[in-house]
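The values are calculated or read from the model by the stated rules, or taken from the named source; none is laboratory data. Remember, it's a predicted structure, so these values are computed and weren't measured experimentally. Cβ sites come from the backbone with ideal geometry, for glycine too, and all protein chains shown count toward neighbours. For the accessible areas, the whole protein counts, side chains as well, though only heavy atoms, and no ligand, DNA or RNA atoms are used. Shrake-Rupley method; radii C 1.70, N 1.55, O 1.52, S 1.80 Å.
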Amino acid sequence: MVEKCPKCENQVLDNKFSCPGCGYVKRDQHGETSHPGDTGITTKDTPKSLQIQGVVALISLIVGLAWFYFTGEEYEQRGELNVIALVMFIGGLAWYIITRFRIWGAAD
């Protein structure tokens, strides 16, 4: 069966999840998207501050891991542990996980 897209008026099959012309997402009677497995959390709905925190946390995690990896041999020869890099990695990981839970909680 063929329907019209409510946004652009193009004809689409009624079993389609979105309009191929304009990208309009078909919604069910409760206002939820029809996509299977769609969580409903979008970048558009996420506060900018949480997006920035997530990116900074990932950067900290990656820099800490790279620093720890590339200087590990040097610190091992001296019998030391690169504490700063390790704290950056673990702190970045923890911060990223907490931020993801905050984003998930903000969507409810």
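Some observations on this one:
- Spin-label model distance (nm) - residue 104 vs residue 73, 7 Å beyond Cα toward Cβ: 3.9
- Shown are 104, 67, whose ranking by accessible area with a 1.4 Å probe and every protein chain present, most to least, is 104, 67.
- Taking amide H as placed 1.01 Å from N in the peptide plane, the amide H of residue 3 sits under 5 Å from that of 12, 13, 14, each at least 5 places away or on another chain.
- FRET efficiency, 1/(1 + (r/R0)^6) with R0 35 Å, evaluated for residue 59 and residue 11 via beta carbons: 0.15
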